[in-house]
């Protein structure tokens, strides 16, 4: 029997632990796995693009466990009352090849993306940063805000979205969580005087959410909206002024903001900074940019953490996913086996 973490299960796990503590724990697993970077299989995600969106598979393994995530990105879905992003994932045992856990990952992806953003900002933003502009106030925004508050102490949020209802939703959901919230009427207004800028928009196009004149010295930019070919948020000039950090260059050069730059343009790998092998920010006036597209090791961390929480709390179901005959050589024998009482009733036998 394979553990199954349903949507209800993960909501109960997060509520039981508290989202703040869950994000703290998840961030520690993300950071730990970045420090084990060389152990992981690494390939760009396998993407199937269409005119309306993308469906992707994201596999990796550390030699002990194997994970994959199925995820889509369909910006048009919102207008149809559907989620832009949905996902599920699987954790397996490398030694046997047996699946250990199947889980929803729509909620879990939002949590791991926020945790990864905050892990990166801890080593790239100016020490003592307290304020952040959030451009794009959709499904990911609350998770980002809470992660930055818990891991960096960000309390002042300046918010902008082309849809004022999205900002109203975000302010309503963050009410009472210890933030100073300011709704802004433009991106330019939102970034005024902040320490960090997070761009998290969904349109599948080369957009210019952040222009060069909006970016002052010393800022840290957390760019997470650009995550597939032809989808960017930043003007090229912003990239050229920034010290750029990425997860896995072969994937980010295809999908990230740096798809706008030459293939050999120098970038820095986040895992080296987290492990102390490379420098993050050089000085307080430097602009740092985390060009985040999401990488399979982060999903590995999230599934590993969720599995541990599910086992600790017992908040999971089970699925009969693996055909397991008494004699492993006699798979056919399962077809001639007497039907169990439950199946007999269901089949009218």
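The values are calculated or read from the model by the stated rules, or taken from the named source; none is laboratory data. Quantities reported herein were computed from a predicted structural model and do not represent experimental measurements. Here the Cβ is made from the backbone with ideal geometry for all residues, glycine too, and neighbour counts use every protein chain on show.
Working only within the range 173-206, note down all residues that are touching a residue at least 60 places away in the same chain (Cβ under 8 Å) and in contact with a helix residue (DSSP H, G or I) (Cβ under 8 Å, 6 or more places away or on another chain).
From the range 173-206, those touching a residue at least 60 places away in the same chain (Cβ under 8 Å) are 193-204; that's our starting set.
The answer is 196, 197, 198, 200, 202, 203, 204.
Residue check: is residue 42 free of Cβ contacts under 8 Å to residues at least 60 places away in the same chain, in a loop (DSSP other than H, G, I, E, B) and over 15 Å from the mean Cα position of the chain (by Cα)? Against the criterion (free of Cβ contacts under 8 Å to residues at least 60 places away in the same chain, in a loop (DSSP other than H, G, I, E, B) and over 15 Å from the mean Cα position of the chain (by Cα)), residue 42 does not qualify. The criterion of at least 2 residues that are surrounded by 15 or more Cβ atoms within 10 Å (Cβ to Cβ) and modelled with pLDDT under 95 is met, among helices (runs of 4 or more DSSP H) falling completely within the range 232-302, by 249-255. The condition of being closer than 30 Å to residue 65 by Cβ, assigned to a strand (DSSP E or B) and modelled with pLDDT of 95 or more holds for residue 318. Every test in (1) closer than 30 Å to residue 152 by Cβ; (2) in contact with a helix residue (DSSP H, G or I) (Cβ under 7 Å, 6 or more places away or on another chain) is passed by residue 39 save one, and that test is (2). Of all positions in the range 209-220, at least one carries a residue that is touching a strand residue (DSSP E or B) at 6+ places or on another chain (Cβ under 8 Å) and under 26 Å from residue 81 (Cα atoms). The criterion of being part of a helix (DSSP H, G or I), over 30 Å from residue 322 (Cβ atoms), in contact with a helix residue (DSSP H, G or I) (Cβ under 9 Å, 6 or more places away or on another chain) and in contact (Cβ under 8 Å) with a residue 12 or more places away in the chain does not hold for residue 110.
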